[in-house]
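The values are calculated or read from the model by the stated rules, or taken from the named source; none is laboratory data. Bear in mind the structure is a predicted one, so any value in this text is a computation, not a measurement. Here the Cβ positions follow ideal geometry from the backbone for every residue, glycine too, while neighbour counts run over all protein chains shown. The accessibility values were calculated without ligands, DNA or RNA, using every heavy atom of the protein model including side chains. Shrake-Rupley method; radii C 1.70, N 1.55, O 1.52, S 1.80 Å.
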Amino acid sequence: MHTAKQQALYAPTTERISQSAMNAFMRAAQVCSASPIEDYDALWQWSVTEPQQFWPLLWEFCGGIGELGEVVVDDIVRMPGARWFPQARINYAENLLRARDDADAMVFWGEDKVKRCLSRSELYDEVSRFRQALVAAGVRKGDRVAGFMPNMPETVIAMLAAVSLGAVWSSTSPDFGSRGVLDRFGQIEPKVMICVDGYWY
């Protein structure tokens, strides 16, 4: 059976490739590696053969906030079953909200209804306000917070506020039905439940 050769829809220029984050990371990897890293395949091979070097370098390159710990991987021969960064402690919200500028953080378009755009600084402020409300409601690390909410900016804001405190976030859409909601949220016994009074398709 003959198959036609696929033609690439897009190919970046040499200049664009040289200015890419991937290219910058490959240069950083080359400094750490004992063997040449000149292309993606070589980078992949290094990541597989030297994970104890690759992953901490990637963490540093990406500017991760948190405690990485001393152990990169525990029992690597077990797949599945290996434990990556078993000592690491990070907060998802802290890493996601570290930039506070006017760049777009969230663009929302509710079909034929609301259109909203939040900058990174606006998102940070909204999360901060919601976090303060959760603290006032007594939410602490390890508590569960449930969201009975549709796909909208406030849902993401509530999730980030909850996880910024170390709380566990669980959510379901309003079209789930009461039985499904009770089954899901009944298992986790949330301290706070956030919900809407209506929604549109």
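One residue stands out in the stretch 23-44 among those that are open to solvent by 90 Å² or more (accessible area, probe 1.4 Å) and of a type in the set (A, V, I, L, M): the one that is farthest from Leu58 (Cα to Cα), namely Ala34. Is there a residue in the stretch 138-152 that is at pLDDT 95 or above, open to solvent by 80 Å² or more (accessible area, probe 1.4 Å) and assigned to a helix (DSSP H, G or I)? Within the stretch 138-152 (the criterion being at pLDDT 95 or above, open to solvent by 80 Å² or more (accessible area, probe 1.4 Å) and assigned to a helix (DSSP H, G or I)), the answer is no, since none of the residues qualifies. Per this entry, Val135 is not counted among residues that are in a helix (DSSP H, G or I) and either among the acidic types (Asp, Glu) or under 16 Å from the mean Cα position of the chain (by Cα) (or both). Checked against the criteria, Val168 counts as among the β-branched types (Val, Ile, Thr), open to solvent by 50 Å² or more (accessible area, probe 1.4 Å) and either modelled with pLDDT of 95 or more or closer than 26 Å to Lys113 by Cα (or both). Before we move on, is Ala99 assigned to a loop (DSSP other than H, G, I, E, B) and in contact with a strand residue (DSSP E or B) (Cβ under 9 Å, 6 or more places away or on another chain)? Criteria met by Ala99.
When the stretch 115-137 is limited to residues that are out of contact with any strand residue (DSSP E or B) (no Cβ under 7 Å at 6 or more places or on another chain) and of a type in the set (A, V, I, L, M, F, W, C), the one that is most open to solvent (accessible area, probe 1.4 Å) turns out to be Ala136.
Quick check on my filter: what residues within the stretch 68-100 are open to solvent by 30 Å² or more (accessible area, probe 1.4 Å), over 19 Å from the mean Cα position of the chain (by Cα), aliphatic (A, V, I, L, M) and at pLDDT 90 or above? Scanning the stretch 68-100 gives a single hit, Val71. Residues of the stretch 182-194 that are more than 14 Å from Met159 (Cβ to Cβ), at pLDDT 90 or above and open to solvent by 80 Å² or more (accessible area, probe 1.4 Å): Gln187, Glu189, Lys191. Does Phe54 meet the test of being open to solvent by 80 Å² or more (accessible area, probe 1.4 Å), in contact with a helix residue (DSSP H, G or I) (Cβ under 8 Å, 6 or more places away or on another chain) and in contact (Cβ under 8 Å) with a residue 12 or more places away in the chain? Against the criterion (open to solvent by 80 Å² or more (accessible area, probe 1.4 Å), in contact with a helix residue (DSSP H, G or I) (Cβ under 8 Å, 6 or more places away or on another chain) and in contact (Cβ under 8 Å) with a residue 12 or more places away in the chain), Phe54 does not qualify.
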